[in-house]
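For reference, the structure is listed below as structure tokens.
The numbers here are math on the coordinates, done by the rules we state, and not lab data. Note that the structure is a prediction, hence the values are computed from the model and not measured. Positions of Cβ are backbone-derived with ideal geometry, glycine not excepted, and every protein chain shown enters the neighbour counts.
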Amino acid sequence: MEPVRRAVILAAGLGTRMAPATKAVPKEMLALVDRPVIQYAVEEAAAAGIGEIIFVTGPDRQAVRQHFGGDTRLERHARAAGDRELLRRVTASEGVADFRFVEQEEPLGTGDAVLRAEEHVGGEPFALLFPDDVILGAESCTAQLTRARACGGGGSVVAVRRVARDELSRYGVVDPEGSGDPVRLRGIVEKPSPEDAPSDLGVVGRYVLEPSIFDHLRAIAPGAGGELQFTDALARQIAAGTPVRACRFAGRRYDTGRPAGLVAAAVDAALSREDTRAAALAAIRPLMPPPEGA
Ligand code: G1P
């Protein structure tokens, strides 16, 4: 079976839910401890053996390109000062994979954004990551998906988790054939109302895809929110008979595209790291309300 060698990472959204932090800075460049959100996705993809990453960015969003491209003022300073520790940290993002950049000129939706990467994917199965979904505390989620794909003999795989009923309308929701894991899908719906949701399994922004997805992306019309929705192309791929499975991954997932999710992810990341854990605990403990009844 063909290995998954490439990943597409979307970083073209406007970041409306994180304004004003996103006025000049892409939401994917907001930091968890000392690394931008997007770096977690890059490291996750690299940990799955992926050697080439294609970023889809917005036209006014040079920060992602600079972060992974190198030769910034900070990098030149570290070199000139001979500060090897600083240089190691500044360049840590650069050698992880080969990077390519494509632009989505207008924010037409995730379906249009993925299509921009087609020429670099080259007709092979590939991983797709929405980096504002950050997954901590377990083996790379993308590695979990590529393994599920290999075990299932190919096809596409999406990561899912149980979602509270009143939050289903924020997600792509899958229609599984039974209760297995991974489980083959009969369908998938973008942002259904709770009454119309086919299950309580919501998609997290991690996919491994058969390249026929590009034909389906070309065929979709604007969907939920008036945007070209990637989920609608996946629904077409399922309907065309390609095996598409959902996999309940291990790991703690945060939606860093929302203020509460970004804060929770930052706290988790700080508590999970040996070099920041003690200081984070010392800062958080005095702020905690006493346990009830104390
Ligand atoms: C996107 C996808 C949705 C998925 C979600 C996960 O939605 O369209 O299917 O469940 O990511 O975070 P968005 O968060 O862009 O609204």
The chain - charge dipole about Cα centre, Lys and Arg +1 at Cβ, Asp and Glu -1, debye rounded to 20: 600
Derived scalar couplings ³J(HN,Hα) [region 99-106; Karplus, 6.51 cos²θ - 1.76 cosθ + 1.60; whole Hz; x for Gly, Pro]: 10, 10, 10, 10, 9, 9, 6, 10
Positive-pole candidate from 38, 56, 188, dipole of the chain, charges at beta carbon: 38
D (Stokes-Einstein, µm²/s), Kirkwood Cα radius, region 194-270, 1.002 mPa s at 20 °C: 143
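Which value at 222 nm does the chain reach when only helices count, each DSSP H run of 4 or more adding -39,500 (n - 2.57), with the total divided by all residues and rounded to the nearest 500 deg cm²/dmol?
Mean residue ellipticity at 222 nm (helix-derived): -9500 deg cm²/dmol.
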Cα shape, region 46-155, gyration tensor, a/c 1.5 rule: oblate
Likely footprinting exposure, 10, 287, fewest C-beta neighbours within 10 Å first: 287, 10
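Give the calculated FRET efficiency between residue 89 and residue 16 to the nearest 0.05, with a Förster radius of 45 Å applied to their Cβ-Cβ distance.
Working: r = 31 Å, r/R0 = 0.69.
For residue 89 and residue 16, the calculated efficiency is 0.90.
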Simple spin-label estimate for residue 239 and residue 195 in nanometres, 7 Å along Cα-Cβ: 2.3
Spin-label model distance (nm) - residue 75 vs residue 138, 7 Å beyond Cα toward Cβ: 3.4
Cα-based Rg and Dmax for the chain, where Dmax is the largest Cα-Cα distance (Å): 19.5, 62
Contour excess over end-to-end distance, with Cα ends at residue 108 and residue 252 and 0.36 nm allotted per residue: 48.9 nm
Contour minus Cα-Cα distance for residue 272 and residue 34 (0.36 nm per residue): 84.4 nm
Highest-fluctuation residue, 115, 271, 185 considered, GNM on the chain with Cα pairs under 10 Å: 271
Between region 74-141 and region 179-198, the alpha-carbon center distance in angstrom: 30
Karplus-derived 3J(HN,Hα), 6.51/-1.76/1.60, for each residue of region 213-221, Hz, glycine and proline x: 4, 5, 4, 6, 5, 5, 9, 7, 10
Residue 186 paired with residue 98, simple spin-label distance in nm, labels 7 Å along Cα-to-beta-carbon: 4.4
